[in-house]
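Working notes for the structure below.
The values are calculated or read from the model by the stated rules, or taken from the named source; none is laboratory data. Quick caveat: nothing in here was measured; it's all calculated off a predicted structure. Every residue, glycine as well, gets a Cβ built from its backbone with ideal geometry; the counts of neighbours run over all protein chains shown.
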Number of protein chains: 2
Amino acid sequence: MDLTTTFAGTRGLYTGTVGLLPTLGYFHEGHLKLMELLRGQCDTLVVSVFVNPTQFNDSSDFDSYPRDFERDTGLASEHAVDILFFPEHDEVYPTGWTTIVEVGGVSQEMEGRHRAGHFTGVATVVAKLFAGLQPDLAMFGRKDAQQLAVLEAMTRDLRFPIQIIHAPLIREPDGFALSSRNVRLGRVDRERALALSRGLFQAAEQIDAGERRAERLEATVRRSVRDLEIDYVMLASQDTMTRIETLDQPAVLAAAVKVGEVRLIDNIAIDVAEGRFVPDRGLILDEASRLGTLR
Amino acid sequence: MDLTTTFAGTRGLYTGTVGLLPTLGYFHEGHLKLMELLRGQCDTLVVSVFVNPTQFNDSSDFDSYPRDFERDTGLASEHAVDILFFPEHDEVYPTGWTTIVEVGGVSQEMEGRHRAGHFTGVATVVAKLFAGLQPDLAMFGRKDAQQLAVLEAMTRDLRFPIQIIHAPLIREPDGFALSSRNVRLGRVDRERALALSRGLFQAAEQIDAGERRAERLEATVRRSVRDLEIDYVMLASQDTMTRIETLDQPAVLAAAVKVGEVRLIDNIAIDVAEGRFVPDRGLILDEASRLGTLR
């Protein structure tokens with residue numbers, strides 16, 4: 001595995017089809033699963049690690065975001081990553097930078113409403129990775145469903161010749177969505193936070209049983225997380241990422257809550273297959289994550 | 001010469017180093033000169049023609065902007081262009097597009113103040129051309145001095161691995177700067193408008209004679225164009241594109257005026273060479289332009 005710190009140095013190492021997995025580092029089994037999935041689809045597998053300051057609306061969240069260079073390097077190298085791109089701040093944000101990339105439409109509701117500037121930071125940094133690394137494929141997880149929609153819009157609108165691959169949301173055996181922020185949850189809060197995925201799974205069962213009213217599906221989730229601080233619970237169109245009253249198109253049932261100091265998001269995508277609405281519960285790990293949980 | 005209409009189709013024709021000259025079409029000798037200059041620096045010479053609606057703050061200016069596909073095709077083919085990229089609107093702005101690229105800093109004064117949204121339109125469309133065409137070099141003329149600064153900032157900030165080449169401002173034998181908009185000037189207005197370049201040349205002589213005060217240099221230009229409608233006359237730093245009081249760094253003496261319905265810009269860049277301030281009067285044609293003037 002090569003470790004690179006510059007865009008030019010990274011591009012110089014390519015052979016064949018290039019797949020990029022952009023990350024904020026501090027890998028857990030979710031990242032490792034995505035590396036495996038992308039590994040099968042490209043010749044050169046590039047994983048970028050950059051904790052992007054402009055996408056953190058909350059600077060204490062940025063400061064406390066977990067980082068571990070040695071650990072990430074070891075894990076990437078064990079997972080057949082060809083290039084680990086670990087840029088310094090100035091390589092991504094050169095002195096005097098003033099350019100931002102702003103996506104409208106799909107960025108407005110949910111995370112866009114609750115995290116001012118978040119998606120501008122995300123769209124800007126990914127545009128830089130795309131412009132500077134010129135991959136053929138890039139993979140993003142369904143955990144961040146709205147981010148995926150924002151980045152698909154950015155890629156299409158700016159005409160990057162890059163195929164965006166949706167990766168499944170990876171869950172613990174008990175259903176809890178993997179996130180690098182989970183290591184900041186104490187045992188008690190981890191137990192309380194389980195109400196989030198549990199509520200989404202209950203709503204998924206209602207969908208399987210024929211429920212189509214957004215109000216009812218959202219109420220199920222709200223009831224489950226009633227002891228947590230709720231940012232939003234929303235049934236949104238996958239196409240527009242704005243609320244829909246009725247499940248009559250590909251959608252996402254998404255929620256954000258705060259558990260103590262930790263903000264968590266989770267969702268169930270509802271795809272349409274052969275005229276049926278199919279909740280995507282994600283990929284459930286056989287064994288509990290060792291990396292994504294406080295030990 | 002190949003004529004292409006899609007980004008993918010264009011990329012498929014490349015061999016070796018790729019140079020891009022983005023234009024709004026309706027070529028005049030200024031464009032042809034730039035094609036010649038870029039021709040010498042790349043293996044594949046791509047010229048794009050796209051009258052970008054988002055950079056026109058004035059829709060009547062967009063509507064009346066001259067267009068002539070046959071003429072441009074003939075001229076490009078005579079000037080050793082390899083690929084003429086002539087995209088439809090939807091190829092550049094796909095249905096439902098919402099993404100913009102915004103450059104701060106250098107975009108704020110002068111044109112930025114007088115043409116709301118202009119530089120966002122320019123930065124956005126050039127980002128698309130860069131992302132979709134992936135050239136190695138791109139050339140922009142010094143005629144649009146502030147645009148050049150905006151696009152250099154955009155390229156640097158978004159980390160495009162593209163070298164930006166400054167092309168000289170091309171002038172008629174009488175000093176008048178070439179512009180596709182010149183064909184909209186009647187003979188009387190063309191005569192009146194000459195006060196713009198004449199004023200700038202007088203200021204350049206003052207600089208050669210040692211004048212360093214912005215106020216004096218600007219006053220010279222203002223005096224010359226006093227019978228026209230002045231948008232601005234400004235001595236600005238090349239670095240920041242904001243006003244400087246004293247010529248003590250690479251600068252640009254820039255002006256925008258309206259002559260009847262036609263808005264014209266012109267400037268003299270003042271470079272620093274071997275500790276001396278050297279006004280760049282541009283490249284003066286030996287013979288009057290046949291293409292850039294009303295016949």
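Within the set B:G16, B:G104, B:G112, the sole residue that is out of contact with any Phe, Trp or Tyr (no Cβ under 8 Å at 6 or more places or on another chain) and either hydrophobic (A, V, I, L, M, F, W, C) or within 14 Å of chain A (Cβ to nearest Cβ) (or both) turns out to be B:G104.
Rundown of residues vs (1) modelled with pLDDT under 95; (2) at the interface with another protein chain (Cβ under 9 Å from one of its Cβ atoms); (3) touching a Leu at 6+ places or on another chain (Cβ under 7 Å), yes/no style:
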site: B:L84; (1), (2), (3): no, no, yes
site: B:E88; (1), (2), (3): no, no, no
site: B:V92; (1), (2), (3): no, yes, no
site: B:W97; (1), (2), (3): no, yes, no
site: B:A116; (1), (2), (3): yes, no, no
site: B:V126; (1), (2), (3): no, no, yes
site: B:M139; (1), (2), (3): no, no, yes
site: B:L148; (1), (2), (3): no, no, no
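Checked against the criterion of being more than 15 Å from the chain's Cα centre (by Cα), surrounded by fewer than 18 Cβ atoms within 10 Å (Cβ to Cβ) and within 14 Å of chain B (Cβ to nearest Cβ), the range A:179-201 has no qualifying residue.
Are any residues in the range B:202-222 under 23 Å from the mean Cα position of the chain (by Cα) and surrounded by fewer than 19 Cβ atoms within 10 Å (Cβ to Cβ), and if so, which ones? Quick ask: steps written out before the conclusion?
Our first condition is that a residue be under 23 Å from the mean Cα position of the chain (by Cα); within the range B:202-222, this holds for B:202-204, B:217-218, B:221-222.
Matches in the range B:202-222: B:Q202, B:R222.
Can you confirm whether the range B:169-176 contains a residue that is without any contact (Cβ under 8 Å) to a residue 40 or more places away in the chain and under 13 Å from the mean Cα position of the chain (by Cα)? No, the range B:169-176 has no match at all.
Per-residue answers, yes or no, for (1) more than 17 Å from B:H28 (Cβ to Cβ); (2) under 18 Å from the mean Cα position of the chain (by Cα); (3) not acidic (D, E):
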{"residue": "B:T240", "(1), (2), (3)": "yes, yes, yes"}
{"residue": "B:A251", "(1), (2), (3)": "yes, yes, yes"}
{"residue": "B:I265", "(1), (2), (3)": "no, yes, yes"}
{"residue": "B:I270", "(1), (2), (3)": "yes, yes, yes"}
{"residue": "B:G275", "(1), (2), (3)": "yes, no, yes"}
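Restricting attention to the range A:202-209, does a residue exist that is of a type in the set (A, V, I, L, M, F, W, C), assigned to a strand (DSSP E or B) and within 26 Å of A:L34 (Cβ to Cβ)?
Just the residues of the range A:202-209 that are of a type in the set (A, V, I, L, M, F, W, C), to begin with: A:203-204, A:207, A:209.
Narrowing the set further to residues that are assigned to a strand (DSSP E or B) leaves none.
The answer is no, given that none of the residues of the range A:202-209 is of a type in the set (A, V, I, L, M, F, W, C), assigned to a strand (DSSP E or B) and within 26 Å of A:L34 (Cβ to Cβ).
B:D157 meets each of the listed conditions (1) surrounded by fewer than 23 Cβ atoms within 10 Å (Cβ to Cβ); (2) farther than 29 Å from B:Y26 by Cβ; (3) within 14 Å of another protein chain (Cβ to nearest Cβ) apart from (1).
Out of all the residues in the range B:150-164, is one or more among the charged types (D, E, K, R), out of contact with any Lys or Arg (no Cβ under 8 Å at 6 or more places or on another chain) and closer than 30 Å to A:T124 by Cα? Yes, the range B:150-164 has at least one match. Only a single criterion out of (1) charged (D, E, K, R); (2) in a helix (DSSP H, G or I); (3) in contact with a strand residue (DSSP E or B) (Cβ under 8 Å, 6 or more places away or on another chain); (4) within 14 Å of chain B (Cβ to nearest Cβ) is not satisfied by A:D144, namely (4). Scanning the range A:51-74 turns up one or more residues that are modelled with pLDDT of 95 or more, more than 30 Å from B:D239 (Cα to Cα) and of a type in the set (S, T, N, Q).
Just the residues that are farther than 29 Å from A:T98 by Cβ and buried (at least 18 other Cβ atoms within 10 Å of the Cβ), please, taken from the range B:223-245.
Filtering the range B:223-245 down to residues farther than 29 Å from A:T98 by Cβ leaves B:223-229.
Across the range B:223-245, the qualifying residues are B:S224, B:V225, B:L228.
The single condition among (1) among the small types (G, A, S); (2) modelled with pLDDT of 95 or more; (3) more than 13 Å from A:Y26 (Cα to Cα) that A:S48 does not satisfy is (3). So for the range B:268-277 (the condition being at pLDDT 95 or above, touching a Lys or Arg at 6+ places or on another chain (Cβ under 8 Å), closer than 30 Å to B:V183 by Cα and surrounded by 13 or more Cβ atoms within 10 Å (Cβ to Cβ)), does at least one residue qualify? Yes, the range B:268-277 contains a residue that is at pLDDT 95 or above, touching a Lys or Arg at 6+ places or on another chain (Cβ under 8 Å), closer than 30 Å to B:V183 by Cα and surrounded by 13 or more Cβ atoms within 10 Å (Cβ to Cβ). Here B:S59 meets the list (1) over 24 Å from B:L148 (Cβ atoms); (2) within 14 Å of chain A (Cβ to nearest Cβ) almost entirely, failing just condition (2).
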